Every structure is written in structure tokens, then in C-alpha cells.
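The values are calculated or read from the model by the stated rules, or taken from the named source; none is laboratory data. In this text, all values refer to a predicted model and were calculated from it rather than measured experimentally. Positions of Cβ are backbone-derived with ideal geometry, glycine not excepted, and every protein chain shown enters the neighbour counts. Ligands, DNA and RNA are stripped out before the accessible areas are found, and what is left, the full protein with its side chains, is counted by its heavy atoms. Shrake-Rupley method; radii C 1.70, N 1.55, O 1.52, S 1.80 Å.
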Amino acid sequence: MAIYFLYSIPQWVIFVGLVVIIYGWVEHKKVFGLLGSLFFIVLALFSIFAISSGYFVFNNFLSPDEIISQEMEETGLDIPGLPMQAKLLPIYWGLILAGVLACITFILEWKEKRHIKLFKILLMIFSIGLFFILLAVIKV
């Protein structure tokens, strides 16, 4: 899988998931709320697959001697020599957390519980944050 897919797929799935959740909420259609949550659950499964398949293994980029000899300064997202996969890994951890939150949202919406609005708002705010962090990583 090319590096392009590591940041392109999450962008599109976050965007589509948010649109579907908002549409379902505005039009009071339960099916679209469930479908939007499923997009984030599938994205979490994709994140687990990408992490476990070795797309974020860094021993191909830096040797242990290079890691020990270099001091890592705090310069935000623009650390010279840091591969794109290293910048994307925290976002993928966040996508897994969004998937857990989407599972809770899915179950609450399926059973029509009271606190569904709170969890939908939390899921949307968290995923919007991940979307903009992903954009910041790509621009660097």
C-alpha cells in the first residue's frame, strides 16, 4: 500500500462519515446515524489492519545508531528526517479511539437511549479534530 493511501483513505472516510451522521441527525433518520457510525468503525478496523500489517515499522528508515545519535527537538509536526508514517501513527491511534466511540454511538442509537446526542457530538468533534490534524501533517 502506498503512502498516499495511508492519509487519503482516512480523509475521505471521516468526511463521508460526518456528512452521513449530520444528515441522519437533521432528517431524523436512524439508518443514516447508524451508517455514519459504521463508517468510523470500519475506519478503526482499517487502522488496526494498517498498524498490525507493518505499514508503520520504522526500522526501515532509521538505524538504532542514527536514532541514538540524533536529538529530537520539539519543532511541532515538522521534524526533519521524520518519515510520513511516523507523523501518521498518532492519527491512526486516534482513529482507533474514534472507532471505539463510534461503537458506543452505534449501540446507543440502535437501542434508542437518552445520551445518544452527547456521544454523536463527541464523535463529530473528535473526528473533525483528527481530520484537521491529518491535514496539518500532510501540509508539512
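Structural remarks
- Karplus 3J(HN,Hα) series, Hz, for region 19-33 with 6.51 cos²θ - 1.76 cosθ + 1.60 (x for Gly, Pro): 4, 5, 5, 5, 4, x, 6, 5, 8, 6, 10, 4, 4, 6, x
- On the basis of the beta-carbon distance and an R0 of 25 Å, Leu38 and Leu82 show a calculated FRET efficiency of 0.15.
- Rounded FRET efficiency, nearest 0.05, which uses the C-beta distance separating Val31 from Phe131 and R0 of 41 Å: 0.95
- Per residue, region 1-58 exposes 55 Å² of solvent-accessible protein surface, assessed with a 1.4 angstrom probe and all protein chains in place.
- The simple Förster model, with R0 at 41 Å and r as the Cβ-Cβ distance, assigns Glu112 and Phe56 a FRET efficiency of 0.60.
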